[in-house]
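Remarks on the structure that follows.
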Amino acid sequence: MTLRLERLDCRVGGISILEGIAGLEAQPGEVTALIGPNGAGKSTLLKAVAGLQRANGSLMLHGQELASLSLEQRARHLYYLPQEFGSRAVLSVFEAVLLARRTRIHEPHERALRKVQATLKALELEPLAERDLSQLSGGQRQRVAIAQAVTREPPLLLLDEPTSALDLHHQLQVLDWLTLLAAERHIIVVIAIHDLGLAARFSRRIWMLKAGRVAASGAPGDVLTHARLRDVYAIEAHIEWPDDEPPRITPLTAIHSLGR
């Protein structure tokens with residue numbers, strides 16, 4: 001199963017948000033990072049794939065045009081986790097994740113319980129299993145939302161800044177787990193993320209947007225160059241790619257002369 005985006009355009013309120021998006025591809029078994037400055041169109045792109053934002057163009061998943069599917073049919077193929085989430089339901093963490101699984105997967109009750117327990121353990125949520133959602137911090141709630149998304153076992157998982165509220169430990173823990181999950185389940189994981197170091201470390205492929213257009217796509221080492229960071233982010237940065245180690249990207253200064 002491969003996700004391919006071609007000739008994608010999107011207007012919101014008469015304003016062009018995405019224009020000529022083409023040549024973007026995400027493969028199963030991999031994490032694809034979606035990067036770009038604020039307002040580049042990252043969230044709109046994910047919503048367009050999820051069917052929550054009207055767009056023109058081609059969105060192909062495993063050779064099937066997603067636009068031809070209803071939202072209900074599309075929900076069987078993918079799950080989208082937005083930046084902002086919330087629930088007024090009076091549920092415990094365990095109940096919330098179990099309910100998310102049951103809405104998509106029909107299985108014996110005992111198997112569902114084991115799967116949910118394994119997911120909570122992987123995200124270090126076991127100590128919070130019996131706590132009400134209303135009692136959680138923003139970071140804890142974000143991990144629960146990730147657990148709810150993953151436990152549905154979608155072939156395509158779209159996550160919009162899933163680590164924005166997490167501390168450093170849980171950023172690394174969640175991204176490492178999602179990388180392993182993509183490989184084990186052979187699913188496609190697309191993550192919108194601002195931290196370029198994390199994008200380079202955990203993704204096999206990067207989509208870089210600038211002002212609603214594709215600035216670059218490909219392997220992290222091909223996309224994250226001094227010239228592109230200068231052009232797209234208006235920064236000077238020091239980039240190191242040590243052998244057998246995570247890349248190190250150190251922003252040095254903002255380039256104010258570019259009018260950004």
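The figures follow:
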{"read-out": "Candidate set from the range 232-248 (those that are closer than 26 Å to Leu3 by Cβ and not hydroxyl-bearing (Ser, Thr, Tyr)); member that is modelled with the highest pLDDT", "value": "Val232"}
{"read-out": "Some residue of the range 70-78 being in contact with a helix residue (DSSP H, G or I) (Cβ under 7 Å, 6 or more places away or on another chain), open to solvent by less than 60 Å² (accessible area, probe 1.4 Å) and under 22 Å from Val144 (Cα atoms)", "value": "yes"}
{"read-out": "For Asn38: the one exception among (1) within 14 Å of the chain's Cα centre (by Cα); (2) of a type outside the set (D, E, K, R); (3) surrounded by fewer than 18 Cβ atoms within 10 Å (Cβ to Cβ)", "value": "(1)"}
{"read-out": "Residue ID - least open to solvent (accessible area, probe 1.4 Å), chosen from residues in the range 188-209 that are out of contact with any strand residue (DSSP E or B) (no Cβ under 6 Å at 6 or more places or on another chain) and more than 24 Å from Glu84 (Cβ to Cβ)", "value": "Ala200"}
{"read-out": "Whichever residue in the range 1-13 is under 19 Å from the mean Cα position of the chain (by Cα) and not in a strand (DSSP E or B) and, among such residues, is nearest to Ala48 (Cα to Cα)", "value": "Thr2"}
{"read-out": "Any hit, the range 14-32, residues being over 21 Å from the mean Cα position of the chain (by Cα), surrounded by fewer than 21 Cβ atoms within 10 Å (Cβ to Cβ), closer than 30 Å to Leu180 by Cβ and not acidic (Asp, Glu)", "value": "no"}
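The values are calculated or read from the model by the stated rules, or taken from the named source; none is laboratory data. For clarity, every value in this text was computed on a predicted model and none was experimentally measured. Methodologically, a virtual Cβ is constructed for each residue, glycine included, from the backbone with ideal geometry; neighbour enumeration extends over all protein chains shown. Protein only, heavy atoms only, side chains kept; ligands, DNA and RNA dropped before computing areas. Shrake-Rupley method; radii C 1.70, N 1.55, O 1.52, S 1.80 Å.
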